[in-house]
Structure formats: C-alpha cells, structure tokens
Amino acid sequence: MADDIGVECFSSYGGKDTKTTNLDTLALSGLRFTHCHAQPSCTPSRVQVMSGRYNSRNYQGFGWLDPKEVTVANLLKKEGYSTCIAGKWQLLRHH
C-alpha cells in the first residue's frame, strides 16, 4: 500500500509513464489486486484494507487494530505466503 498512487502508475496495470520492472515481476509471479476500495484517510484506510471490512465494522479508534482482527496477512500466511509490513503504520500500543 502506498499513499497517493494509483494503478495508472504501474506498467503491470497498463501505466506508460513509469517503468516498474520489479513490481511487474511481482505481479507476474504473485498476487494482484484488481478490485479494492479504501477510506481516503490514512490509518483508517490501512485498517480497512488489511481487514477487508468497512470501518463502521472494525474501526475502534485512531491507531487501534483489534489484535483478534483477521487480516489479509493472516489469511495469506495460513496459505504459505510470507508477509510483512513496512513504513508508516501509526498503531498505538494497547495493553
């Protein structure tokens, strides 16, 4: 997930302005999203994309993701994929 970027930026989705050869290689050998929607605001949108549920059903507060929430990473890992998250996340630590 990246801020301020759309499919038109990637050559694997038909973009012509920028060569994205490494991402194109990933697109050929991995998982590609062809239909995805998110809230247009930062952390809540990440929670929505990761959980696959509208924020009205999963959003409990800024920076909070319920530890029991099943994310796309949980599902992919269960199927044998390696997963990670890197960059801005803004999760708070709840005890």
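Values as computed for the structure displayed
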{"read-out": "1 or more residues modelled with pLDDT of 80 or more, loosely packed, with under 15 Cβ neighbours inside 10 Å and more than 15 Å from the chain's Cα centre (by Cα): qualifying helices (runs of 4 or more DSSP H) within segment 12-81", "value": "21-29, 72-78"}
{"read-out": "In segment 2-11, the residues that are under 17 Å from the mean Cα position of the chain (by Cα) and either open to solvent by less than 80 Å² (accessible area, probe 1.4 Å) or among the hydrophobic types (A, V, I, L, M, F, W, C) (or both)", "value": "A2, I5, G6, V7, C9, F10"}
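The values are calculated or read from the model by the stated rules, or taken from the named source; none is laboratory data. What you are looking at is a predicted structure, and each value in this text was computed from that prediction instead of being measured. In this analysis, Cβ positions are derived from the backbone assuming ideal geometry, glycine residues included, and neighbour counts consider all displayed protein chains. Accessible surface areas use protein heavy atoms only, side chains included; no ligands, DNA or RNA. Shrake-Rupley method; radii C 1.70, N 1.55, O 1.52, S 1.80 Å.
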